[in-house]
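Encoded as structure tokens, the structure appears first; notes follow it.
The values are calculated or read from the model by the stated rules, or taken from the named source; none is laboratory data. Predicted model, so just to flag it, every value in this text is computed and none were measured. All Cβ positions, even for glycine, are placed from backbone atoms using ideal geometry, and neighbour counts span all protein chains on display. Each accessible area value is taken on the protein alone, full model and side chains, heavy atoms only, with ligands, DNA and RNA left out. Shrake-Rupley method; radii C 1.70, N 1.55, O 1.52, S 1.80 Å.
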Amino acid sequence: GESVGLHLPTLSVQEGDNSIINCAYSNSASDYFIWYKQESGKGPQFIIDIRSNMDKRQGQRVTVLLNKTVKHLSLQIAATQPGDSAVYFCAENRAGGTSYGKLTFGQGTILTVHP
Amino acid sequence: EPEVTQTPSHQVTQMGQEVILRCVPISNHLYFYWYRQILGQKVEFLVSFYNNEISEKSEIFDDQFSVERPDGSNFTLKIRSTKLEDSAMYFCASKEGTDTQYFGPGTRLTVL
């Protein structure tokens, strides 16, 4: 049969709530992880990144947590706003060797923030 | 704030025609990339370019695809003979040397 695309996980929250978006990665050799935000019709926009020698990193209203044991990455958005509504992708990179920065993207999560 | 730019924003072409997608990376960046995103799917790596040559390419990037940096500012992706399945958003990205890649707004390619 014909594939019509993936069904993305969705997360709906109320304005002001905290949001947690999760991502599982598969390559245990990956040592750099990034969260991107993609609004409709636009390119991926960098949010925050983290290296594998860290387990937490904070930015403005965002926190990324990395659990290498279970190969899990999460993005926490504090006090979510309607402008945060978008698709959120995690991406991983394996530095060194023959890798010149190729990013492998996850499936994406649709975040909808209700006023 | 410097940003990656891409032209055109939308390209419509007939199957079998050649298309060239254009990108102007951030000026002091050294590494350049093309990715594509089929509607509703995740972003997929196509090719990376460094020091005026391809450094890595995916299996999607077959002989129909080529990249070029014709001058000090432009980075192009050419598809020689487009197929229906080439319809997608094509994103250019660049980075300085650290790991953060910055993406352009994309070109929507529609092959009829």
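With a cut-off of at most 11 other beta carbons within 10 Å, and DSSP calling the residue loop, which trypsin sites (Lys or Arg not before Pro) in the stretch B:50-112 qualify? Please list them. Don't skip to the answer; put the middle values down first.
Values: sites: B:LYS57, B:LYS78, B:ARG80, B:LYS83, B:LYS95, B:ARG108; in loops: B:ARG80, B:LYS83.
Here the sparse-neighbourhood loop sites are B:LYS83.
Checking an interface number: how much accessible area is buried between A and B, summed over both chains, with a 1.4 Å probe, in Å² rounded to 100?
Details: alone 7110 and 6490 Å², together 11740 Å².
Approximately 1900 Å² gets buried when A meets B.
Here is the list for the stretch B:1-75: GluC sites (Glu not before Pro) lying in DSSP coil, each with at most 15 other C-beta atoms within 10 angstrom of its C-beta, are B:GLU3, B:GLU18, B:GLU59. Per residue, the protein assembly as shown exposes 52 Å² of solvent-accessible protein surface, assessed with a 1.4 angstrom probe and all protein chains in place.
Any number yet on Rg/Rh for the stretch B:1-105, C-alpha, Kirkwood?
Working: Rg = 13.1 Å, Rh = 13.9 Å.
Here the Rg-to-Rh quotient is 0.94.
Can you tell me how the stretch A:3-72 classifies by the Cα gyration tensor, rounded, prolate or oblate, using a/c under 1.5 as the rounded cut? Here the stretch A:3-72 falls in the oblate category.
Percent of accessible area on chain B owned by carbon and sulfur, 1.4 Å probe?
Values: 2520 of 5560 Å².
Here carbon and sulfur together make up 45 percent of the probe-accessible area.
Extents of the protein assembly as shown, largest first, come to 49, 39, 37 Å (Cα atoms, principal axes, whole angstrom).
Just the number, please: carbon plus sulfur as a percent of the accessible area of the stretch A:27-115, 1.4 Å probe, no ligands or DNA/RNA counted. Taking all protein chains in place, the stretch A:27-115 shows 46 percent carbon and sulfur surface. Here the Kirkwood formula, the inverse mean of 1/r across different C-alpha pairs, assigns the stretch A:42-110 a hydrodynamic radius of 13.5 Å. Of the residues in the stretch B:37-60, those shielded by at least 30 Å² of accessible area once partner protein chains are present, compared with the chain alone at a 1.4 Å probe, are B:GLN37, B:GLY40, B:GLN41, B:LYS42, B:VAL43, B:PHE45, B:SER55, B:GLU56.
Starting from 0.36 nm per residue, how many nanometres of slack lie between A:LYS42 and A:ASP17 once their C-alpha separation is accounted for?
Working: separation 25, 0.36 × 25 = 9.00 nm, distance 2.53 nm.
Going from the current span to full extension adds 6.5 nm.
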